[in-house]
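Input: a single structure, listed below in structure tokens.
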Amino acid sequence: MWPVDVACGAGLAIELARARGAACAGIDASPRLVAVARDRSPDADVRVGDMHAMPWPDESFDVATSFRGIWGTTPEALGEIHRVLAPGGRFGLTVWGHIKVSPGAWALAPFRLAASTKVGNQAAMVTLGRPGVGEDLLARFGFIDVERVGVPFAWEFSDPEMYARALASTGPAYEAIQNVGEPAFLAAAADEARSHVRDGLPLRAEINVVGYLARKPGATRRETA
Ligand SMILES: C[S@@+](CC[C@H](N)C(=O)[O-])C[C@H]1O[C@@H](n2cnc3c(N)ncnc32)[C@H](O)[C@@H]1O
């Protein structure tokens, strides 16, 4: 099994797949996150690069995954994933689901401190989770057998300050911090979290995440062997 994780970030998925015996590849635009991924999985082929122009030949992988790495604003990456998958190759993608109805929607609220154009872009990013949108896009890029699944997802933090620091390390927080400054962002995030503190329990934010499972047409190498 030869899987690639696209927009792999700090490489948790690669580490988990390796633990299950897979030899893995991964790609992410951030050199600092790729350094963490390589530290976790020294024998994996983890590259710094753009998921829209991956450095592997056609039909290199049996499996591709991307966990909240492809957005409504980056659909073309699906064409590149289709290219590097072997015939019959499987693809698993997760995206944010319906955030507003999620019990933990509060935990993403500080991102709205970004400039209004950036907040608009954030809304465009999360469209892939809407019913029919991801299915149509995957079909447009040539995937078949598209299946939608719900993915259990929760953030947990020990206290509001820890939550605020963790949130500040994310991409959308960077945009908010550019707009209001880091002290104001941290203060607003910690304030947001205080009303969700529960005695003796961690802060917990359950957020709807949608998963898509799909396949590139054709017989797999194993089926043709
Ligand atoms: C929300 S994070 C998800 C990271 C990882 N999949 C995880 O679950 O922890 C999105 C990731 O996409 C990466 N990214 C954004 N644009 C990219 C691009 N054009 N090519 C490759 N990676 C990209 C970011 O560097 C970031 O690590």
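With respect to residue 83, is the statement that it is within 13 Å of the ligand (Cβ to nearest atom), basic (Lys, Arg) and more than 15 Å from the chain's Cα centre (by Cα) true? Please lay out each step first, then the result.
Values: within 13 Å of the ligand (Cβ to nearest atom): no; basic (Lys, Arg): yes; more than 15 Å from the chain's Cα centre (by Cα): yes.
Taking the combined requirement at face value, the residue does not satisfy it.
Hey, among 33, 16, which residue is under 14 Å from the mean Cα position of the chain (by Cα), at pLDDT 95 or above and within 13 Å of the ligand (Cβ to nearest atom)?
33
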Original post:
Any residue at all in segment 65-73 that is away from the ligand (no atom under 12 Å from the Cβ), surrounded by 20 or more Cβ atoms within 10 Å (Cβ to Cβ) and either modelled with pLDDT of 95 or more or within 15 Å of residue 143 (Cα to Cα) (or both)?
Top reply: no
Original post:
Taking segment 21-30, which residues are assigned to a loop (DSSP other than H, G, I, E, B) and either over 23 Å from residue 216 (Cβ atoms) or within 11 Å of the ligand (Cβ to nearest atom) (or both)?
Top reply: 29, 30
Original post:
Counting only residues that are charged (D, E, K, R) and part of a strand (DSSP E or B), which one in segment 36-62 is nearest to the ligand (Cβ to nearest atom)?
Top reply: 47
**OP:** Please state which of the following conditions residue 119 fails to meet, knowing it meets all the rest: (1) surrounded by fewer than 16 Cβ atoms within 10 Å (Cβ to Cβ); (2) in contact with a helix residue (DSSP H, G or I) (Cβ under 9 Å, 6 or more places away or on another chain); (3) in a helix (DSSP H, G or I); (4) of a type in the set (Val, Ile, Thr).
**Re:** (1)
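Within segment 80-116, which residues are in a loop (DSSP other than H, G, I, E, B) and in contact with a strand residue (DSSP E or B) (Cβ under 9 Å, 6 or more places away or on another chain)?
So the first thing to find is which residues in segment 80-116 are in a loop (DSSP other than H, G, I, E, B), and the list is 97-104, 114-115.
If the condition is that a residue be in a loop (DSSP other than H, G, I, E, B) and in contact with a strand residue (DSSP E or B) (Cβ under 9 Å, 6 or more places away or on another chain), then 97, 98, 102, 103, 104 are the ones that fit.
Among residues belonging to segment 92-116 that are among the β-branched types (Val, Ile, Thr) and surrounded by 16 or more Cβ atoms within 10 Å (Cβ to Cβ), point out the one that is farthest from residue 136 (Cα to Cα).
Within segment 92-116, the subset among the β-branched types (Val, Ile, Thr) is 94-95, 99, 101.
Narrowing further to those that are surrounded by 16 or more Cβ atoms within 10 Å (Cβ to Cβ): 94-95, 99.
On the way: 94: 15, 95: 15, 99: 20 Å.
So the residue we want is 99.
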Original post:
Between a first residue in segment 1-20 that is assigned to a helix (DSSP H, G or I) and a second residue that is of a type in the set (D, E, K, R) and within 12 Å of the ligand (Cβ to nearest atom), which pairs have beta carbons less than 7 Å apart while being 6 or more apart in sequence or on different chains?
Top reply: 13/5; 14/5; 15/40
Subject >> Breaking point among (1) surrounded by 17 or more Cβ atoms within 10 Å (Cβ to Cβ); (2) more than 18 Å from residue 213 (Cβ to Cβ), for residue 89 >> reply: (2)
Original post:
With respect to residue 18, is the statement that it is farther than 26 Å from residue 134 by Cβ, charged (D, E, K, R) and in contact with a Cys (Cβ under 6 Å, 6 or more places away or on another chain) true?
Top reply: yes
**OP:** Kindly state which helices (runs of 4 or more DSSP H) lie completely within segment 144-225 and contain at least 2 residues that are under 24 Å from the mean Cα position of the chain (by Cα) and under 30 Å from residue 78 (Cα atoms).
**Re:** 160-168, 171-180
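The values are calculated or read from the model by the stated rules, or taken from the named source; none is laboratory data. All of these numbers come straight from a predicted model, not from anything done at the bench. Virtual Cβ from ideal backbone geometry, glycine too; neighbours counted across all protein chains shown.
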